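Report on one structure; see the data block that follows.
The values are calculated or read from the model by the stated rules, or taken from the named source; none is laboratory data. Treat the numbers as computed from the prediction; the structure is a model and nothing was measured. Heads up, the Cβs are rebuilt from the backbone with ideal geometry, glycines too, and the neighbour counts pull from every protein chain shown.
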Amino acid sequence: MPKIQTRSVDTDSYHKLLKLGVSPLLSRLYAARNVQTQEDIQSRLTSLLPFDSMNGIREMAGELADGIEAGARFLIVADYDADGATACAVGVEGLRMLGATVDYLVPNRAVHGYGLSPAIVEEAAQREPDALITVDNGIAAIDGVNAANELGIPVYVTDHHLPGDTLPDAACIVNPNQPGCPFPSKHLAGVGVMFYVLLALRAELRGRGIFDGKPEPDLRVLLDRVALGTVADVVKLDANNRILVNQGLQRIRAGLASPGIKALMQVAGRRPDKASVFDLGFMLGPRLNAAGRLEDMRLGIDCLLARDIATALPLAQQLHELNLSRKDIETDMKEQAQALLEDVDCKDSHGLAVYHPEWHAGVVGILASRIKEKYHRPVIAFAPGENGELKGSGRSIAALHLRDALDWIDRQHPGLILKFGGHAMAAGLSIKEEDFPTFQNAFEKLAREWLSPADLEEIIETDGELDPEELNLELVKTLDNAVWGQGFPAPLFQGELSVLNQRIVGEKHLKLEVMLNNRRYEAMAFFHSEPLPNRFAGTYTAMLNDFNGQSAIQLKLHYWETLP
C-alpha cells in the first residue's frame with residue numbers, strides 16, 4: 001500500500017515569496033518545489049539561460065554559418081520519438097528561416113534501429129549532403145560518425161542524452177551533458193538543444209551582417225514545437241525548460257500555433273485557447289509518437305512542418321488513427337504482460353525484465369511505464385527485433401538510475417548488451433534473444449544490490465489539505481495555466497471525502513458527487529469502474545470543467561483508502 005506524505009516546505013523560500021506578493025497558497029506550493037525567487041517563476045524569454053556557456057555551440061554556429069554562405073546542403077538525421085520529431089521540425093524550419101538549404105531523414109525503427117547508425121549514413125549519403133546534423137541522437141553514434149567520416153561527410157551532433165566513455169569523432173558536438181560543459185541546465189530536451197543552436201546561429205549571422213537592412217528571422221514561431229517536444233520527452237521541467245514550455249503554450253493559446261500543432265489539437269478535440277501541459281503530454285505527444293512507434297515518423301514531422309491547415313489536418317488525422325491502433329496493441333500487450341507476471345512474486349522482485357515474442361517494439365516503452373506504475377519497480381520490456389535480437393525499453397523509479405544500471409551490467413557481463421543509451425528514468429537497449437534469461441537475472445541481481453526495501457515503497461507526495469476558501473475557481477485557473485511536469489509536479493492535495501452518488505460514464509470511468517470540507521464537488525476517477533467506498537481519505541487534483549459556458553471545479557481522484 002502506498003504511503004502518503006506531505007511535501008516539506010522551505011520556510012525561508014516561503015517567506016521570501018510572500019514578501020514578493022505571491023499568495024500564501026502559491027508560496028507554499030512553490031517553496032515545496034525549491035522555488036526561491038521571483039525569477040524562478042518568471043516565464044519571460046529574456047530570462048532564458050544564454051547559449052554562450054554551452055560547449056561547442058559557437059563553433060557549430062560558425063561552421064553552419066560558413067555552410068549557409070557557401071550554399072551547402074544540410075541533412076538532418078532525426079530520432080523517431082516526439083522529441084526527435086519536434087527537434088527535426090524545429091531544425092528544418094529554423095535553418096531554412098536562417099537561409100540554409102536543408103532536408104531531413106528519420107530512421108525507421110524496425111529497419112535502421114536508433115540514431116545515426118552506419119545503415120542510415122549509407123542511406124543519407126545517397127542524397128549527397130555536404131554535412132549531417134543529428135537531433136536528439138548522435139552522442140553514442142561512434143560507428144555512424146566514423147562511417148560518415150569515411151565518406152567525407154562531416155557530422156554535427158546536437159543531443160541531450162548522457163554520453164558514454166568515448167565521444168564520437170564528430171565535426172562538432174553540442175550537448176549540455178557532454179563532459180566539461182558548464183551550461184547550468186542539464187535537462188534540455190533534444191528539441192531544446194536544437195533551438196539553442198539556432199539562437200547561436202542567428203547571433204553568428206547577425207555578427208556577419210547578414211540581416212543588415214532587413215528584419216531578423218523570428219525564432220519564437222518555433223516555440224510551440226519546442227514546448228511539445230520538451231513535455232513529451234518527460235525531461236525535468238527546471239526553470240529554463242519551464243520558460244520554453246510556457247512561451248510555447250502562450251503562443252498556442254493566442255492562436256499563433258503552427259498549422260501542425262493546430263491540426264493535432266483539433267483531432268484531439270482540445271481547445272487551443274485553453275492549451276495546457278496536459279494537452280502537450282497526454283493528447284498531442286502520444287499522437288505524434290504513434291507514427292514512430294507503428295509506422296514512420298516522417299508522417300509526424302511532415303505534419304509539424306506543414307505550411308497550412310489544409311495540409312496539416314489529413315496528416316494529423318492519420319496520426320490520430322495510428323494512436324488508436326497503438327492503444328489497441330498496448331491493451332493486448334498489457335494483458336499478456338499481466339499473464340507473464342502471474343508466476344512472478346512482484347513483491348519479492350526488485351527489478352522486472354519481461355518479454356513476449358508477439359509484442360511490438362514500438363510499444364514496449366509504454367508497456368514498461370504501465371508496469372512500473374502498477375508495481376513501483378524498475379521495468380524493462382522486450383520485443384523481437386531483427387536478426388535474432390530483442391529490443392528493450394525501460395522505465396525506472398527515482399531510486400535507480402537506469403542508464404547507469406545498464407552501464408554496470410555491461411561492465412559486469414561484456415557482450416551481453418549489444419548497445420544501450422538513455423537517461424535516469426528511461427533507457428533503451430538491444431540483446432540477443434537467447435541471452436534474455438541471463439539479462440533478466442543480471443537485472444534482478446543489480447536491483448537487489450542497488451535498491452533497499454524503502455526504495456520499493458511507493459510514496460505519494462501531496463501538498464496537504466486545502467481550506468474551503470482556498471479551493472476556488474481563481475486557484476484552479478491559476479494552476480491550469482502554470483507549467484507543471486517532471487521534476488516540478490502538479491499540485492496534489494489530500495482530504496477526507498464522502499460519496500453522495502456515483503455512476504459509470506464512458507464504460508470505464510467513474511463520475512461522482514462528493515462532499516469535501518462540507519462543500520459539494522463533482523469528481524472523476526478515470527479508468528476505474530468499481531464503486532468507491534462511501535467515505536475515504538484520498539488524493540486529488542483540482543481541475544476546471546467548462547460546460548455550456550459555465551465553469552466549475554472538478555476533482556480528479558488519484559488514490560483512496562476506506563475510512564471507517
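Restricting attention to the range 197-233, the residues that are touching a residue at least 12 places away in the same chain (Cβ under 8 Å) and either in contact with a Pro (Cβ under 7 Å, 6 or more places away or on another chain) or farther than 20 Å from L244 by Cβ (or both) add up to 5. Here D546, D480 are screened, and the one residue that is in contact with a Phe, Trp or Tyr (Cβ under 9 Å, 6 or more places away or on another chain), surrounded by fewer than 18 Cβ atoms within 10 Å (Cβ to Cβ) and either outside the structural domain of T230 (by TED's automatic domain parsing) or part of a loop (DSSP other than H, G, I, E, B) (or both) is D480. Does A427 satisfy the criteria of being under 30 Å from G164 (Cβ atoms), in contact with a helix residue (DSSP H, G or I) (Cβ under 9 Å, 6 or more places away or on another chain), assigned to a helix (DSSP H, G or I) and not charged (D, E, K, R)? When the stated conditions are applied, A427 does not pass them.
If we keep just the residues of the range 105-135 that are under 15 Å from R73 (Cβ atoms) and under 22 Å from the mean Cα position of the chain (by Cα), which is surrounded by the most Cβ atoms within 10 Å (Cβ to Cβ)? Among those that are under 15 Å from R73 (Cβ atoms) and under 22 Å from the mean Cα position of the chain (by Cα), it is I133. Of the candidates G415, G392, G487, the single residue that is outside the structural domain of G144 (by TED's automatic domain parsing), under 21 Å from N137 (Cα atoms) and out of contact with any Cys (no Cβ under 6 Å at 6 or more places or on another chain) is G392. The set of residues in the range 414-473 that are touching a Ser or Thr at 6+ places or on another chain (Cβ under 8 Å) and hydroxyl-bearing (S, T, Y) contains only T462. Only one entry in I153, I133, I139 is closer than 19 Å to L105 by Cα and part of a strand (DSSP E or B), namely I133.
Checking each residue in the range 253-277 for being closer than 19 Å to L544 by Cα and β-branched (V, I, T) picks out only V277.
Scanning the range 95-124 for residues being outside any loop (DSSP other than H, G, I, E, B) and in contact with a strand residue (DSSP E or B) (Cβ under 9 Å, 6 or more places away or on another chain) gives a total of 11. Note on the range 353-365: among residues that are without any contact (Cβ under 8 Å) to a residue 40 or more places away in the chain and buried (at least 21 other Cβ atoms within 10 Å of the Cβ), the one that is nearest to D332 (Cα to Cα) is W359. Exactly one residue out of A424, A442 is in contact with a Lys or Arg (Cβ under 7 Å, 6 or more places away or on another chain) and outside the structural domain of G138 (by TED's automatic domain parsing), and it is A424.
A quick yes/no check of all residues on (1) more than 20 Å from the chain's Cα centre (by Cα); (2) touching a residue at least 40 places away in the same chain (Cβ under 8 Å); (3) outside the structural domain of V364 (by TED's automatic domain parsing); (4) within 30 Å of F547 (Cβ to Cβ):
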position: D279; (1), (2), (3), (4): no, no, yes, yes
position: P286; (1), (2), (3), (4): no, yes, yes, yes
position: A291; (1), (2), (3), (4): no, yes, yes, no
position: L304; (1), (2), (3), (4): no, yes, yes, no
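Can you confirm whether D143 is farther than 21 Å from G62 by Cα, of a type outside the set (G, A, S) and modelled with pLDDT of 95 or more? It is true that D143 is farther than 21 Å from G62 by Cα, of a type outside the set (G, A, S) and modelled with pLDDT of 95 or more. From the list L479, L451, the lone residue that is closer than 30 Å to P24 by Cβ and either within 30 Å of the chain's Cα centre (by Cα) or modelled with pLDDT under 95 (or both) is L479.
Scanning the range 367-388 for residues that are in contact (Cβ under 8 Å) with a residue 40 or more places away in the chain and either assigned to a loop (DSSP other than H, G, I, E, B) or buried (at least 19 other Cβ atoms within 10 Å of the Cβ) (or both) yields a total of 9. Within the range 9-40, the residues that satisfy the criterion of being surrounded by 13 or more Cβ atoms within 10 Å (Cβ to Cβ), assigned to a helix (DSSP H, G or I) and either touching a residue at least 24 places away in the same chain (Cβ under 8 Å) or in the same structural domain as V483 (by TED's automatic domain parsing) (or both) are L25, L26, R28, L29, D40. Among residues of the range 265-284 being in contact with a helix residue (DSSP H, G or I) (Cβ under 6 Å, 6 or more places away or on another chain) and in a helix (DSSP H, G or I), the one that is farthest from G365 (Cα to Cα) is D273. Checking D348, D296 one by one, the residue that is touching a residue at least 24 places away in the same chain (Cβ under 8 Å), assigned to a loop (DSSP other than H, G, I, E, B) and not hydroxyl-bearing (S, T, Y) is D296 and no other.
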